[in-house]
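What follows is one structure encoded as structure tokens, with my remarks underneath.
The values are calculated or read from the model by the stated rules, or taken from the named source; none is laboratory data. As the structure is a computational prediction, the values presented were derived from the model and not from experiment. Heads up, the Cβs are rebuilt from the backbone with ideal geometry, glycines too, and the neighbour counts pull from every protein chain shown.
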Amino acid sequence: MQKGFFMAYENFRFQAHRGDSAFYPENTLVSYKAAIDQKYHVIEMDNKFTADDVCICLHDGTYNRTTRRPDGTEFEEKTASTALTLAEVKELDAGIFKGEEFRGTKIPTLAEALDFIKNNSTLSVKLDNVFQSFSEKQFEIFMSDIRNADMGSRIGFTCKTFPYLKFLAEAFPEAEMHYDGTLTDSVLSFIEANIKDRTTVWIPFDNKATAWCHERKASKEFCADLHRYGKVGIWLISEVDELRAAVKDFGADIIETNGTLKPNALELI
């Protein structure tokens, strides 16, 4: 690979989906540390709330898929995140489902995760748009955790609707903004006029991982047009051929991968 290629893509970024979730227990300090060690640029994380209103790092609305009881057994019935207190959550094992070597891994709170990433790396954090489903009380707690972390431009918010995009862009003037909702004229005009320099518009790659998503998929023409409004992010990719298309055909500024593609994968395209 020619040196000029890497100079042209020196600002290209790799985002780790729930940390390195392909090989480590997702949304835990273990997967976040793996992403740090492997030199990813951004960690994407998901959040839910416990019964006593503590914000934790968890993707699913239940504990069933990714956690086990203290004795290692699975939950017999679906158990919502809000069914357990933080003390009960901390008794769960969030690593065994990924492998015996991860036994003892715990679910971190959002505050613990942000503190860990802030003090152990220069990575940015991108918070998934699930916060749009929080109650008013939960959203205020979520916002407080973020303000207390004091990560400035290293915090990013993924928004799916215009009201949240506008509110958070104004509330956190240094934060990276990410948009993965329907691209209306109002959204694009606001981005272009106010936050173009710190916004990434996310487009799904047309593959099995994004088959459930009904938003418009990435194409050369579509992504070229979107670059008028900010950076372009492509999700969720796991193959070198997909990375090649994202970089060379779509001109992506950042891609999201679950960990199967490492930052050094640019050398393979």
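Scan the range 156-170 for residues that are outside any strand (DSSP E or B) and touching a Ser or Thr at 6+ places or on another chain (Cβ under 7 Å) and report the count.
Applying the first criterion (outside any strand (DSSP E or B)) to the range 156-170 yields 160-170.
Keeping just the survivors that are touching a Ser or Thr at 6+ places or on another chain (Cβ under 7 Å) gives 162.
The qualifying residues number 1.
Number of residues in the range 211-243 that are surrounded by fewer than 16 Cβ atoms within 10 Å (Cβ to Cβ), in contact with a helix residue (DSSP H, G or I) (Cβ under 9 Å, 6 or more places away or on another chain) and touching a residue at least 24 places away in the same chain (Cβ under 8 Å) equals 5. Out of Leu261, Leu268, I need the residue that is hydrophobic (A, V, I, L, M, F, W, C), within 15 Å of Gln15 (Cα to Cα) and touching a helix residue (DSSP H, G or I) at 6+ places or on another chain (Cβ under 9 Å). Which one? Of Leu261, Leu268, the one residue that is hydrophobic (A, V, I, L, M, F, W, C), within 15 Å of Gln15 (Cα to Cα) and touching a helix residue (DSSP H, G or I) at 6+ places or on another chain (Cβ under 9 Å) is Leu261. Within the bounds of the range 256-265, is there any residue that is surrounded by fewer than 19 Cβ atoms within 10 Å (Cβ to Cβ), at pLDDT 95 or above, touching a strand residue (DSSP E or B) at 6+ places or on another chain (Cβ under 8 Å) and under 20 Å from Asp128 (Cα atoms)? Scanning the range 256-265, I find no residue that is surrounded by fewer than 19 Cβ atoms within 10 Å (Cβ to Cβ), at pLDDT 95 or above, touching a strand residue (DSSP E or B) at 6+ places or on another chain (Cβ under 8 Å) and under 20 Å from Asp128 (Cα atoms), so the answer is no.
Every residue, every condition in (1) closer than 21 Å to His41 by Cα; (2) touching a residue at least 60 places away in the same chain (Cβ under 8 Å); (3) not in a helix (DSSP H, G or I), yes or no:
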site	(1), (2), (3)
Ile107	no, yes, yes
Ala113	yes, yes, no
Phe116	yes, yes, no
Asn119	yes, no, no
Thr122	yes, no, yes
Lys126	yes, yes, yes
Val130	no, yes, no
Phe139	no, no, no
Asp145	no, yes, no
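State whether the residues of the range 13-34 include one that is surrounded by fewer than 24 Cβ atoms within 10 Å (Cβ to Cβ), closer than 21 Å to Phe134 by Cα and of a type in the set (Gly, Ala, Ser). The answer is no; no qualifying residue exists. Residue count for the range 12-70 under the criterion of being part of a loop (DSSP other than H, G, I, E, B), out of contact with any Ser or Thr (no Cβ under 7 Å at 6 or more places or on another chain) and closer than 20 Å to Thr82 by Cβ: the result is 9.
Okay, residues lined up against (1) acidic (Asp, Glu); (2) loosely packed, with under 13 Cβ neighbours inside 10 Å; (3) in contact with a Ser or Thr (Cβ under 7 Å, 6 or more places away or on another chain); (4) at pLDDT 95 or above:
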residue: Glu76; (1), (2), (3), (4): yes, yes, no, no
residue: Leu84; (1), (2), (3), (4): no, no, yes, yes
residue: Lys90; (1), (2), (3), (4): no, no, no, yes
residue: Ile96; (1), (2), (3), (4): no, no, no, yes
residue: Phe102; (1), (2), (3), (4): no, no, no, yes
residue: Thr109; (1), (2), (3), (4): no, no, no, yes
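(1) of a type in the set (A, V, I, L, M); (2) in contact with a Phe, Trp or Tyr (Cβ under 8 Å, 6 or more places away or on another chain); (3) buried (at least 21 other Cβ atoms within 10 Å of the Cβ); (4) over 21 Å from Met177 (Cβ atoms): which one isn't true of Val247, the others all being true? So Val247 meets the others, but not (3). Pro173 meets the conditions (1) more than 14 Å from Val125 (Cβ to Cβ); (2) outside any loop (DSSP other than H, G, I, E, B) in every case but one. The failed one is (2).
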